[in-house]
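K.L.:
One structure, pasted below without further comment.
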Amino acid sequence: MKFLVITNAPTLKKDSVYQAYSPYVREMDIWFNSVDTVKIVSPTKYNRPLLTSAFKKQPLVVSIPTLNFTTSLEALKSFFFLPIIFIKLFIGMLWADHIHLRCPGNIGLLGCMLQVFFPKKIKTAKYAGNWDPKANQPLSYRIQKRILSNTFWTKNMTVLVYGAWSNQTKNIKPFFTASYRNDERCKIETKDYSKTLRFVFVGSLVSGKRPLLAIQIIEALQHKGYSVTLDLYGDGVLKSELQDYIDANKLQNIIVLHGNQSSTIVKQQLKAAHFTLLASQSEGWPKAIAEAMFFGVIPIATAISCVPNMLDNGNRGILITPNVNEAVVAIEAALSNTKTLEQMSVSALAWSQYYTLDLFEDEIKTLIQN
């Protein structure tokens with residue numbers, strides 16, 4: 001089978017092998033296991049630091065320019081490149097037995113438009129963003145969602161989306177992602193919620209993840225007399241600002257910025273934690289939440305994208321609003337009932353440990369073989 005991937009994610013050549021962003025590579029390696037030949041149409045340049053790893057099955061790569069519409073000059077250059085990109089995408093689709101789109105993104109949008117001309121070819125799309133029909137999103141995202149959903153324009157397509165949404169067409173398939181294997185499942189001893197409560201934040205230190213809100217929630221809980229700690233794992237442009245806030249408010253004894261750490265260290269900390277805090281503005285499938293739940297950590301998160309579904313509308317975690325006072329009220333209500341916390345932890349673990357990499361591989365293999 002000739003498998004074509006159309007994506008915004010840059011494919012970079014280093015030491016004579018093709019590499020890309022590591023989490024993306026780990027997923028694509030699973031797709032590539034079930035096909036004979038892979039071709040990727042993507043940009044091949046990236047001017048910022050990127051955590052990369054090499055594809056196990058090396059692809060054929062067709063280089064296309066990056067599309068950027070943030071400034072007038074970049075938009076003008078991008079419009080000039082459009083015919084070149086369209087031609088390369090069209091030739092790639094002619095070559096392929098299976099067309100795989102990575103959405104949302106500018107290149108994904110072009111792929112959505114062109115796949116219309118190949119109604120008999122088998123197609124899949126991984127929509128990694130928020131599929132919530134009510135979400136306020138850019139026009140290009142809404143166009144991609146509409147094209148992919150439309151069974152008249154888009155045929156032989158399975159669109160993998162995060163969360164189960166009502167009134168969807170037959171093109172749409174609720175899906176998931178995974179980080180751990182079946183043999184990593186483990187029993188977790190009942191956590192003690194009567195002593196110091198350990199909170200973790202795992203994610204980039206950027207405004208979209210709202211790490212300052214997480215810090216302020218822990219600060220407010222301490223002021224109310226709770227014994228709490230918060231460990232933040234991740235890096236980003238807000239790191240200095242967050243450290244200044246911690247220092248200015250004398251929170252160094254309970255809140256620590258650890259920066260980027262290995263998955264082994266993060267895994268160890270999750271096993272010891274009581275709660276994970278992630279009050280993001282937007283998410284697709286928040287892996288940080290699913291990974292924490294795998295070890296019985298109770299998630300505290302904003303009700304965005306598929307998060308309410310992941311948390312069973314509050315039965316597997318605590319849903320909050322992005323407001324310190326309101327969030328603290330919701331957390332205090334949960335803390336008032338230890339039995340409820342214990343049940344949340346057990347339910348979170350059972351749910352997350354179902355969605356393993358082994359199951360993910362089986363589902364991907366079925367999609368390709370069908």
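The values are calculated or read from the model by the stated rules, or taken from the named source; none is laboratory data. Keep in mind that this is a model prediction, so the values were computed, not measured. Glycine also receives a Cβ, built like all others from the backbone with ideal geometry; neighbour counts cover every protein chain displayed. In case anyone asks, the SASA skips ligands and DNA or RNA and just uses the protein heavy atoms, side chains included. Shrake-Rupley method; radii C 1.70, N 1.55, O 1.52, S 1.80 Å.
K.L.:
Looking at the stretch 1-122, what % of the alpha carbon pairs are farther apart than 26 Å?
P.N.:
For the stretch 1-122, the share of Cα pairs beyond 26 Å comes to 18 percent.
K.L.:
Let me ask something else. Taking H as built 1.01 Å from N, whose amide H comes closer than 5 Å to the amide H of LEU230, not counting residues under 5 places away?
P.N.:
For LEU230, whose amide H was placed from the backbone, the distant partners under 5 Å are PHE199, ILE255, VAL256.
K.L.:
Sequence gap at least 6, Cα distance under 8 Å: using those rules, report the relative contact order of the chain to the nearest whole percent.
P.N.:
14
K.L.:
If you don't mind, there's one more thing I want to ask. Over the stretch 37-111, what is the relative contact order in percent, taking alpha-carbon pairs closer than 8 angstrom and at least six residues apart?
P.N.:
Details: 58 pairs, mean separation 21.2, N = 75.
Relative CO of the stretch 37-111 lands at 28 percent.
K.L.:
Calculate, in nm to one decimal, what ASN370 and PHE90 gain on full extension: separation in residues at 0.36 nm each, minus their alpha carbon distance.
P.N.:
98.4 nm
K.L.:
Can you pull the one-decimal nm distance between simple spin-label points at ARG142 and VAL329, each 7 Å off the Cα toward Cβ?
P.N.:
Going by the 7 Å Cα→Cβ label model, 3.2 nm.
K.L.:
Below 11 angstrom from the Cβ of LEU101, what's the summed charge of the other residues (Lys, Arg +1; Asp, Glu -1)?
P.N.:
Within the 11 Å Cβ shell, the charges total +3.
K.L.:
What does the extension gain come out to for PHE117 and SER194, with contour length at 0.36 nm per residue minus their alpha carbon separation?
P.N.:
Separation in residues times 0.36 nm, less the Cα-Cα distance, equals 21.6 nm.
K.L.:
Using θ = phi - 60° and the Karplus form 6.51 cos²θ - 1.76 cosθ + 1.60, what ³J(HN,Hα) does each residue of the stretch 168-176 get, whole Hz, x for Gly and Pro?
P.N.:
Listing the rounded values in order: 9, 7, 5, 5, 9, 10, x, 9, 8 Hz.
K.L.:
Roughly how much of LYS287 is accessible, in Å² to the nearest 10, using a 1.4 Å probe?
P.N.:
70
K.L.:
Ranked by accessible surface with a 1.4 Å probe, highest first, in what order do PHE69, PHE295 come?
P.N.:
Solvent-accessible surface, decreasing: PHE69, PHE295.
K.L.:
Would you mind calculating the gained length between THR264 and LYS187 on full extension (0.36 nm times residue separation, minus the Cα-Cα distance), in nm to one decimal?
P.N.:
Working: separation 77, 0.36 × 77 = 27.72 nm, distance 1.77 nm.
Length gained, THR264 through LYS187: 26.0 nm.
K.L.:
Calculate how many DSSP beta bridges within the stretch 1-137 are antiparallel, expressed in % of all such bridges and rounded to the nearest 5. It would help to have the intermediate numbers written out before the result.
P.N.:
Values: 6 of 25 bridges.
The antiparallel fraction comes to roughly 25 percent.
K.L.:
Tell me the accessible surface of ASP29 in square angstrom (1.4 angstrom probe, heavy atoms of protein chains only), to the nearest ten.
P.N.:
20
K.L.:
Compute the separation of the alpha-carbon centres of the stretch 275-310 and the stretch 312-370 and state it in Å as a whole number.
P.N.:
So the two Cα centres are separated by 7 Å.
K.L.:
Hey, if you put +1 on the Cβ of every Lys and Arg and -1 on every Asp and Glu Cβ in the chain, which of VAL202, SER345, ALA135 ends up farthest toward the positive end of that dipole?
P.N.:
Highest projection toward the positive end goes to ALA135.
K.L.:
Shifting gears a bit: VAL237 to PHE69: FRET efficiency via 1/(1 + (r/R0)^6), r the Cβ-Cβ distance, R0 22 Å, to the nearest 0.05?
P.N.:
Approximately 0.50, to the nearest 0.05.
K.L.:
Return the percentage of antiparallel bridges among DSSP beta bridges fully within the chain, rounded to the nearest 5 %. Write down the numbers at each step before the final one.
P.N.:
Working: 6 of 52 bridges.
Close to 10 percent.
K.L.:
Residues of the chain: accessible area per residue at 1.4 Å, in Å²? If you can, show how the numbers build up before the last one.
P.N.:
Numbers: 17840 Å² over 370 residues.
I get 48 Å² per residue for the chain.
K.L.:
For the chain, set up a GNM with springs between Cα atoms under 10 Å and report which of ILE215, ILE84, ILE188 has the largest fluctuation.
P.N.:
Of ILE215, ILE84, ILE188, the Gaussian network model singles out ILE84 as fluctuating most.
K.L.:
Related question: Can you list the residues, at least 5 places off or on another chain, whose amide H is less than 5 Å from the amide H of ILE318, using H built in the peptide plane?
P.N.:
Residues meeting the criterion, in which the H sits 1.01 Å from N, are ILE300, ALA301.
K.L.:
Moving on to the next point. Going by amide H atoms built from the backbone, whose H comes under 5 Å of the H on TYR180, apart from near neighbours?
P.N.:
Long-range HN contacts for TYR180: LEU357.
K.L.:
Considering the zone a paramagnetic label at ASN47 would reach in this model (a point 7 Å from Cα along the Cα-to-Cβ line), which residues of the stretch 1-28 have amide N under 18 Å from it?
P.N.:
Counting backbone N atoms under 18 Å from the label point, the list is 9-13.
K.L.:
Further question on the same structure: Roll a 1.4 angstrom probe over the protein heavy atoms and tell me the percent of accessible area of the stretch 266-370 that is carbon or sulfur.
P.N.:
Roughly 45 percent of what the probe reaches on the stretch 266-370 is carbon or sulfur.
K.L.:
Applying the Karplus parametrisation 6.51 cos²θ - 1.76 cosθ + 1.60 with θ = phi - 60° to the phi angles of the stretch 311-328, what ³J(HN,Hα) value in whole Hz is obtained for each residue in order, glycine and proline being reported as x?
P.N.:
Values, residue by residue: 8, 6, 6, x, 7, 10, x, 10, 8, 10, 9, x, 9, 4, 5, 5, 5, 5 Hz.
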